[in-house]
1. Under 8 Å between Cβ atoms, which residue pairs at least 6 apart in sequence (or on different chains) link something in segment 643-667 that is more than 19 Å from residue 56 (Cβ to Cβ) with a partner that is among the small types (Gly, Ala, Ser) and within 15 Å of the ligand (Cβ to nearest atom)?
2. So the check is Cβ under 7 Å with 6+ separation or different chains; which pairs have a first residue in segment 378-402 that's at pLDDT 90 or above and a second one that's among the acidic types (Asp, Glu)?
3. For residues in segment 177-199 being open to solvent by less than 10 Å² (accessible area, probe 1.4 Å) and aromatic (Phe, Trp, Tyr), which is nearest to residue 216 (Cα to Cα)?
4. I'd like to check which helices (runs of 4 or more DSSP H) are fully inside segment 616-679 and have at least 2 residues that are at negative phi and modelled with pLDDT under 95.
5. Residue 68 fails exactly one of the following numbered conditions: (1) more than 27 Å from the chain's Cα centre (by Cα); (2) over 30 Å from residue 516 (Cβ atoms). What is the number of that condition?
6. With (1) more than 16 Å from the ligand (Cβ to nearest atom); (2) open to solvent by 20 Å² or more (accessible area, probe 1.4 Å) as the list, and residue 583 as the residue in question, which single condition is left unmet?
7. Conditions: (1) farther than 26 Å from residue 316 by Cβ; (2) without any contact (Cβ under 8 Å) to a residue 24 or more places away in the chain. Residue 186 meets all but one. Number of the miss?
8. Any idea which of 398, 406, 431 is within 30 Å of residue 600 (Cβ to Cβ) and in a strand (DSSP E or B)?
Amino acid sequence: MHLLPAPRPFMTKHLLLSAAAVALLSLTARADAPSGVDISAIDKSAKPGDDFYLYANGSWMKRTEIPADQARWGGFNILNLEAQTRTRNLIEDQVKASAPGSEARKVADYYASFMDQPGIEAKGAAPLKADLDAVAAISDKKSLARVLGESLRADVDPLNNTNFQTENLFGLWVAPGFSDSDHYTPYLLQGGLGIPSRDYYLGTSDKMKTVQAAYKSYVAAALKQAGIADADKKAASIFDLETKIAKAQESIVDSQDVVKANNVWARIDFTKKAPGLDWDQFFQGARLSQVNSFIVWQPSAFAGLSKLVASEPLDVWKTWLAFHRINYSAPVLPKVFVDARFEFYGKALSGTPKQQDRWKRAVNLTNDALGDAVGKLYAAKYFPPEAKAKAQTMVKNITAAWAKRIDALTWMTPATKAKAKEKLLALYVGIGYPEVWRDYSSFQVVKGDAFGNLARADQFEYRRNVDRIGKTVERREWSMTPQTVNAVNLPLQIGLNFPAAILDRPFFDAKAYDAFNYGAIGAVIGHEISHTFDDQGAAFDVKGRLHNWWTKEDFAHFQQSGQKLVAQYNAYKPFPDVAVNGQQTLGENIADNAGLASAYDAWHASLGGKPAPSDRGLSGEQQFFLAYAQSWQAKTREAAARQRLLTDVHAPDHYRGLEVRNLDGWYQAFDVKPGQTLYLAPGDRVHVW
Ligand SMILES: [Zn+2]
């Protein structure tokens with residue numbers, strides 16, 4: 001479970017702030033704000049007790065426009081832009097410095113091949129030909145099954161990065177096993193949709209119909225550009241097929257339930273349990289014929305999708321495959337493909353007017369393909385030892401605060417408490433960068449072949465995953481790169497990763513007062529620790545096995561507190577016609593709730609009985625809560641916000657910032673009184689932990 005949704009494909013252009021301006025911005029903020037809180041963001045016309053998020057961020061929101069190439073803009077994005085800019089400079093340095101054949105050279109060549117737009121234009125759609133020919137050669141359902149297997153990729157991750165979406169029919173995730181966490185085990189997940197949620201296909205509102213129409217236009221445009229005849233008719237048939245796939249899929253709420261996901265299927269049983277697809281051919285195509293058993297995440301979807309392979313016409317499946325080959329490769333094809341794709345994923349789905357500059361897309365793609373190779377360079381240059389030391393101290397203090405909170409719980413039985421503390425001690429916490437790096441020696445990068453490089457990168461990643469099925473788990477492996485602005489809890493590895501790139505303002509500043517650091521990154525650290533014990537964490541024992549270690553009574557109490565939080569978030573309405581889904585976002589809301597509370601305790605403990613320094617009229621308490629609400633400072637375009645409400649397991653930023661209302665300390669810090677919008681009577685404040 002991570003902190004923010006995975007970046008969507010907002011590919012793009014033009015930037016409101018130049019990299020230099022951004023660097024300057026953070027430097028001035030540093031010099032002017034010893035406490036770390038951005039005073040200029042505060043809107044004094046908003047009352048903290050009515051809307052604390054607006055109070056903390058209102059002036060910033062009034063003066064800030066979302067850059068044309070972004071769907072969301074805020075601290076995360078500004079930091080991300082800084083990380084992108086640094087990464088670009090690092091990569092460009094490699095071009096001059098690195099030896100041919102070295103890992104750094106692969107990074108440089110991968111990047112340069114994508115940046116060579118004239119070279120990409122000159123080839124036109126030709127690089128697609130081999131893929132489209134392979135689809136055209138499918139002559140029956142047997143060869144269809146084989147090609148569906150060949151297209152399987154390791155592109156989903158339901159637990160660490162909570163990515164449930166693949167446009168291939170299925171997705172593979174190789175991770176520690178639910179019942180044997182010492183060995184890598186293959187998990188299979190549902191897929192098959194071009195729009196990243198089944199709700200878009202099943203929805204009947206005008207908004208949904210607009211997205212559906214835009215998708216059909218895009219599919220037709222992509223087919224036409226690839227020289228495929230009858231594009232409009234074929235686009236309609238693809239949409240109809242995907243609507244059937246959407247109906248057969250399981251919802252995101254069901255998909256988050258790990259107990260429902262624990263379905264061990266022997267390879268030879270797929271034909272019986274999910275008849276329709278020629279599974280022998282599929283597994284041969286996927287190079288999985290030697291693997292004897294799998295965990296099937298959404299069994300009813302596997303039955304449903306397999307049945308569709310049998311019932312729907314071969315030609316429709318072939319067109320569907322052809323489109324997804326084009327869609328997948330579009331970023332490395334000529335501009336007409338890139339622009340058509342952006343029209344849908346950027347504009348229609350996220351409301352973003354402009355594409356990101358090519359260099360930013362190049363940085364993102366290079367990070368996807370060679371993330372650890374880039375990260376090694378990044379961490380060496382941009383993660384000073386003093387930042388690591390300070391972050392380690394905070395983790396130690398927040399972990400200690402958790403231990404105390406567990407001891408102090410009145411409702412939890414001693415048996416469950418002991419197990420919780422055992423798990424807390426077992427946590428592997430990675431800070432900044434991994435101790436073990438990925439080996440790219442067998443990954444071939446060909447300069448001047450952006451198309452082939454992308455395909456080889458995904459095949460390399462797929463092979464790397466398939467090859468380790470059955471092998472011993474490396475618990476110190478990371479699931480995020482050092483240059484990622486995010487943080488993650490790895491429930492099967494009992495591990496946390498805090499990448500170097502998030503250990504920076506507005507989350508962290510080694511020079512700022514502790515009130516700021518605990519309110520911002522401290523709450524993030526507490527958030528990730530909380531996932532070790534939340535509704536999903538409760539499902540994994542000290543070894544990372546799927547085994548609920550809570551007593552029945554304790555778990556019932558925990559779920560009851562959770563339901564209070566569900567109701568609190570269900571009441572938030574970002575738009576008149578849609579509310580936050582309190583159940584879909586529950587795990588993350590518990591993590592915010594407990595993360596903030598544990599950071600607050602740890603900060604108090606760190607003061608050692610001394611008063612916190614005040615700063616520019618703000619008490620320590622006020623700095624703490626403002627730092628928290630400002631860490632969620634962001635503006636999001638409406639289309640993107642609506643998309644996140646459907647697809648994201650996190651609540652919108654605004655409501656994450658309001659989590660403060662469940663903490664007693666916030667009421668005193670801002671003199672919040674009954675009758676104010678956010679006021680909760682002491683008994684109504686949710687304290688899950
Ligand atoms: Zn989380």
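1. Going by the 8 Å Cβ cut-off, the qualifying pairs are 649/587.
2. Going by the 7 Å Cβ cut-off, the qualifying pairs are 401/601.
3. 187
4. Numbers: elements: 620-631, 638-647, 653-657, 664-669.
Hits in segment 616-679: 638-647.
5. The failed condition is (1).
6. Only one criterion is unmet by residue 583, namely (1).
7. Of (1) farther than 26 Å from residue 316 by Cβ; (2) without any contact (Cβ under 8 Å) to a residue 24 or more places away in the chain, only one is false for residue 186: (2).
8. Details: 398 fails: in a strand (DSSP E or B); 406 fails: in a strand (DSSP E or B).
Unique residue meeting the criteria: 431.
The values are calculated or read from the model by the stated rules, or taken from the named source; none is laboratory data. All values derive from a computational prediction rather than experimental measurement. Here the Cβ is made from the backbone with ideal geometry for all residues, glycine too, and neighbour counts use every protein chain on show. For the accessible areas, the whole protein counts, side chains as well, though only heavy atoms, and no ligand, DNA or RNA atoms are used. Shrake-Rupley method; radii C 1.70, N 1.55, O 1.52, S 1.80 Å.
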